[in-house]
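A short worksheet on the structure shown next.
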């Protein structure tokens, strides 16, 4: 599918609206294609001397006729989980990313099930570029609670998908180490679950900290209100020792906290953005998200779903839509009622140097629009299920 055809699929508009020119008339003409993000994206591409036309699929770069934008090398560490599965789908079909590996961790479900979920999702999607997969492992002091009550017994809405391939997989910490050595200084890591694998990789080889481009962490709480206890967010509460170790590491980190998901609403209209079920992406996303909406309504009594993982991915792709502050962040490690609580020092004269960027605000409408665009893009890139 060429970019002109894809544009018509996604927006219903003719490709003439995609011509870039630096005047008011062209800004108005490009608005139908860019939607809520029109002005921002036009200015961004203009500042980069790059056309905003859609990139080719699966070539590891964005070739647009006037210049090249290299895809960002990315490793995704996750515990799918429906929200993590959505973010994984969007990343695998986003030409701005080259997803070199995905690693499983224990959290929403145990590590073995999490690994099977990753394998099954990737097999069903058959993305343009298949990433390496790392097997998860359970931390020694994992809490009894997990996310099955919300995500289903298998973590994916009780779909019970089993992977076809039985290939041997490296443990997630070893795969993280291998990828960091291979792409030293080029690899970003998106952490969507507990930080068990990343912490163990750093523990095995502290020199890896200097090889990371940046780490984006979905989790934690900025205002001290949790979602698994009164004060702790799930990912930090599940393995607080690992989380504390990662935040102490000398790496460039960004925290996308729980409050971000609560400030942007994804209502039932999200289901209308999904590709048809007969496509590979639609066949994966539709049953999972329908279960998620039903489960959220049943257990939380609300009609909107939190998609923190997808928002964290959008931070990586469009950081200019977000406002951050440099803060000192630490995690409560002790086994007590405050286990996994995220402490963010917001004093003007904090005694500790900042160790993390924290997302504090965003253009929420633009972020939501970007997620919808990414879903339609992934659907247009996926074939019908044979």
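Tabulated data
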{"read-out": "Residue identified as surrounded by 13 or more Cβ atoms within 10 Å (Cβ to Cβ) and under 18 Å from residue 234 (Cβ atoms) among 360, 329", "value": "329"}
{"read-out": "Of the criteria (1) crowded, with 19+ Cβ neighbours inside 10 Å; (2) in contact (Cβ under 8 Å) with a residue 60 or more places away in the chain; (3) under 27 Å from residue 369 (Cβ atoms), which one residue 291 fails", "value": "(1)"}
{"read-out": "Members of region 363-376 found to be assigned to a helix (DSSP H, G or I), surrounded by 17 or more Cβ atoms within 10 Å (Cβ to Cβ) and more than 16 Å from the chain's Cα centre (by Cα), listed by number", "value": "366, 376"}
{"read-out": "Residue 342 more than 22 Å from residue 94 (Cβ to Cβ), under 23 Å from the mean Cα position of the chain (by Cα) and either at pLDDT 95 or above or not in a loop (DSSP other than H, G, I, E, B) (or both)", "value": "yes"}
{"read-out": "Sole residue being closer than 27 Å to residue 107 by Cα and at pLDDT below 95, chosen from 317, 309, 382", "value": "317"}
{"read-out": "Leading residue by the ranking (surrounded by the fewest Cβ atoms within 10 Å (Cβ to Cβ)) among those in region 110-127 that are in a loop (DSSP other than H, G, I, E, B) and over 18 Å from the mean Cα position of the chain (by Cα)", "value": "126"}
{"read-out": "Residue count for region 203-219, restricted to those that are touching a residue at least 40 places away in the same chain (Cβ under 8 Å), in contact with a helix residue (DSSP H, G or I) (Cβ under 9 Å, 6 or more places away or on another chain) and over 16 Å from residue 147 (Cα atoms)", "value": "6"}
{"read-out": "Options 297, 280: the member that is more than 14 Å from residue 368 (Cβ to Cβ) and either in contact (Cβ under 8 Å) with a residue 40 or more places away in the chain or buried (at least 21 other Cβ atoms within 10 Å of the Cβ) (or both)", "value": "280"}
{"read-out": "Answer from 256, 212 - the residue that is within 19 Å of the chain's Cα centre (by Cα), under 22 Å from residue 346 (Cβ atoms) and buried (at least 19 other Cβ atoms within 10 Å of the Cβ)", "value": "256"}
{"read-out": "Residue satisfying condition, being under 20 Å from the mean Cα position of the chain (by Cα), on the phi > 0 side of the Ramachandran plot and buried (at least 16 other Cβ atoms within 10 Å of the Cβ), within set 136, 152, 157, 147", "value": "157"}
{"read-out": "Some residue of region 304-326 being closer than 24 Å to residue 125 by Cα and surrounded by fewer than 17 Cβ atoms within 10 Å (Cβ to Cβ)", "value": "yes"}
{"read-out": "Residues that are touching a residue at least 40 places away in the same chain (Cβ under 8 Å) and under 21 Å from residue 366 (Cα atoms), drawn from region 248-263", "value": "254, 255, 256, 257, 258, 260, 261, 262, 263"}
{"read-out": "Filter result for residue 266 (within 28 Å of residue 200 (Cα to Cα) and either in contact (Cβ under 8 Å) with a residue 60 or more places away in the chain or more than 15 Å from the chain's Cα centre (by Cα) (or both))", "value": "no"}
{"read-out": "Residues of region 70-85 satisfying the condition of being buried (at least 24 other Cβ atoms within 10 Å of the Cβ) and touching a strand residue (DSSP E or B) at 6+ places or on another chain (Cβ under 6 Å)", "value": "74, 75, 76, 77, 84"}
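Residue-wise test of (1) surrounded by 16 or more Cβ atoms within 10 Å (Cβ to Cβ); (2) in contact with a helix residue (DSSP H, G or I) (Cβ under 7 Å, 6 or more places away or on another chain); (3) free of Cβ contacts under 8 Å to residues at least 12 places away in the same chain; (4) not in a helix (DSSP H, G or I).
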{"residue": "130", "(1), (2), (3), (4)": "no, yes, yes, yes"}
{"residue": "143", "(1), (2), (3), (4)": "yes, yes, no, yes"}
{"residue": "162", "(1), (2), (3), (4)": "no, yes, no, yes"}
{"residue": "175", "(1), (2), (3), (4)": "yes, no, no, no"}
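Residue by residue, here is whether (1) in contact with a strand residue (DSSP E or B) (Cβ under 6 Å, 6 or more places away or on another chain); (2) modelled with pLDDT under 95 holds:
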residue	(1), (2)
87	no, no
91	yes, no
97	yes, no
121	no, no
128	no, yes
150	no, yes
158	no, yes
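The values are calculated or read from the model by the stated rules, or taken from the named source; none is laboratory data. Because the structure is a prediction, the values reported are computed rather than measured. Note: ideal-geometry Cβ built from the backbone for every residue, glycine included; neighbour counts use all protein chains shown.
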